[in-house]
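Chemist: If you scroll down you'll find the structure; I have some questions about it.
The values are calculated or read from the model by the stated rules, or taken from the named source; none is laboratory data. The structure presented is a predicted model; accordingly, all values stated were derived computationally and were not measured. Quick reminder, even Gly has a Cβ in these numbers, built from the backbone with ideal geometry, and neighbours come from all protein chains shown.
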Amino acid sequence: MPNMSAQALRTAVVNAAISDATFLKELGKDAAKAIETRFGAQTVKVQVHFEKENELTFLIPQKTEKLEQAIQRAVTEIGDRSPTRGEFDTLIINRAWSDPAFLGELRRDTRTAITAALQKYGASVPEGSSVRLYEEQPGECVIVVPRPVDVGAQLSDAELEAVAGGELAATAAIIVVGAVATVIADKIISVEC
């Protein structure tokens, strides 16, 4: 699978890291080697970041025509309702791509920019959580590997539905999310880190 697009590679690597403990371990030791072994040599420069405890991550991927179309469709579907965490990421990406002032705010003070965006939905960044922004540049593939989920923890009905191939699976095709949102009636009520 050489020469995958950044988005396809990002999705494939995260899916493999989530489902294959051996790959995840190799990715942590030598990301470039693990990716080349699993997916072949790539022409993009790959950066792999592992999400940390109490960290809320946002990735602004390199804008491509296909990804922009997917983001626009998702934003249209969200409309005026309160978004889930994955949908909120999509809204942030869309706004960063279309509003240079907002992108500047994200770069200067990510936490403040995200907090302001969340206020519209009655949510906020949890105290004690750091907020990190990754911005992909041309020729790069930035991959944020979500921190492991406690398999013993109980999942809500919404989370179970998402894992079963619903909303989270669809959103992952657009952008990899870095944190889990507690969702009730499709509204962000808090972001757990």
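Chemist: Here are some conditions: (1) surrounded by 12 or more Cβ atoms within 10 Å (Cβ to Cβ); (2) out of contact with any strand residue (DSSP E or B) (no Cβ under 6 Å at 6 or more places or on another chain). Residue 85 meets all but one. Which one does it not meet?
Modeler: (2)
Chemist: Then there's this: Regarding residue 38, is this residue at pLDDT 95 or above, out of contact with any Pro (no Cβ under 6 Å at 6 or more places or on another chain) and farther than 20 Å from residue 136 by Cα?
Modeler: yes
Chemist: Another one. Exactly one of (1) closer than 17 Å to residue 93 by Cβ; (2) among the basic types (Lys, Arg); (3) surrounded by fewer than 13 Cβ atoms within 10 Å (Cβ to Cβ) is unmet by residue 29. Its number?
Modeler: (1)
Chemist: Next question. Identify all residues within the range 37-84 that are without any contact (Cβ under 8 Å) to a residue 40 or more places away in the chain, of a type in the set (Lys, Arg) and in a loop (DSSP other than H, G, I, E, B); write none if there are none.
Modeler: Within the range 37-84, 63 is the sole residue that qualifies.
Chemist: Let me ask another. Go through the range 92-106 and give me each residue that's farther than 15 Å from residue 62 by Cα and either touching a residue at least 12 places away in the same chain (Cβ under 8 Å) or touching a strand residue (DSSP E or B) at 6+ places or on another chain (Cβ under 7 Å) (or both).
Modeler: 106, the sole residue that qualifies.
Chemist: Would you check which residues across the range 125-145 are touching a residue at least 60 places away in the same chain (Cβ under 8 Å) and either at positive phi or outside any strand (DSSP E or B) (or both) and list them?
Modeler: Residues satisfying the conditions are 125, 126, 128, 129, 136, 137, 138, 139.
Chemist: Failed condition for residue 67, given (1) under 21 Å from residue 97 (Cβ atoms); (2) more than 18 Å from the chain's Cα centre (by Cα), with all others met?
Modeler: It fails just one condition, (2).
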